[in-house]
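K.L.:
Dropping a structure here in structure tokens format, bear with me for questions.
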Amino acid sequence: MLAALLAAACATGRSEGARTLPADRAAAIVYVALGDSTVEGVGATSPDRNYVSRLHERLRAVYPTARVINLGLGGATSADVLLRQVGRAIEQHPQLVTLSIGPNDITTRVAVSMYERNLDTILGRLRHETTAVIVVNLIPDLAVTPRFSRSRARDAVGRQTVAFNEAIERQGRAHGAELVDLYAVSQREVPLRPELIWSDGYHPSDLGYARWAELVWAGVESRIAMK
């Protein structure tokens, strides 16, 4: 999926009454991660160096008893998250859910309209069947990754990434999710920092996952209630 590592944790329009993580630092927080290979951690040299584990480490600095359940799986599309991950996430009664999905929909030519319907259902279930803070990242610019930057598919993949991100923004706002913009910074950082990408030219490296966690944490942190 991408150089997803990159990006800008930019929180967009939050409505009054948005969900927050508890002010009580002794609260038992369950964090569930949903998504594809970047959530699973393909490209990391060990499980504790992937994005989800690094985010969990930051979460535990605030909530010492916080637990993480990583349901991410390589190759997953939005349909896979809907069919195989969301129900399992809801069963855990999470306080925090992160969702990163879309590149496999793009590369397997899923229609944007179908992707958006899946997102609507995923986020709708999380909104109505849990009390979790939901954090969703935009897709990094796939066209700047080594896999696509010199490919004939570059322009088409770039256009699709923009269209899919527009769907994420619409559905994220509609369901009260925290949106983290991994797209804009990926355009700036990936071409200048090739070390962010693993040797396959596509997935994050250890440094890439560290960057991803840093940026997504800004979105999570903005939803932590003050004491």
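What follows is calculated from the coordinates using simple rules that are stated; it is not laboratory data. Fair warning: this is a prediction, and the values are worked out from it, not measured in the lab. Positions of Cβ are generated from backbone atoms using ideal geometry, with glycine treated the same way; all protein chains shown enter the neighbour counts.
K.L.:
Considering amide H positions built from the backbone, and no H for Pro or chain starts, which residues 5 or more places from Ile197, or on another chain, come under 5 Å of its amide H?
P.N.:
Ser205
K.L.:
What full-extension length gain, to one decimal in nm, is calculated for Glu57 and Leu207 as 0.36 nm per residue of separation minus the Cα-Cα distance?
P.N.:
Going from the current span to full extension adds 52.4 nm.
K.L.:
What's the FRET efficiency of Arg150 with Arg170 using the Cβ-Cβ distance as r and R₀ = 25 Å, to the nearest 0.05?
P.N.:
Efficiency for this residue pair is about 0.20.
K.L.:
So in the stretch 88-227, what percent of DSSP beta bridges are antiparallel if you round to the nearest 5?
P.N.:
10 percent
K.L.:
Hand me the trypsin sites (Lys or Arg not before Pro) from the stretch 144-213 located in a DSSP loop with no more than 16 other Cβ atoms within 10 Å, in residue order please.
P.N.:
Qualifying residues, ordered by number: Arg150, Arg152.
K.L.:
How far is the Cα center of the stretch 185-227 from the Cα center of the stretch 149-181, in Å?
P.N.:
The two parts, judged by their Cα centres, are 16 Å apart.
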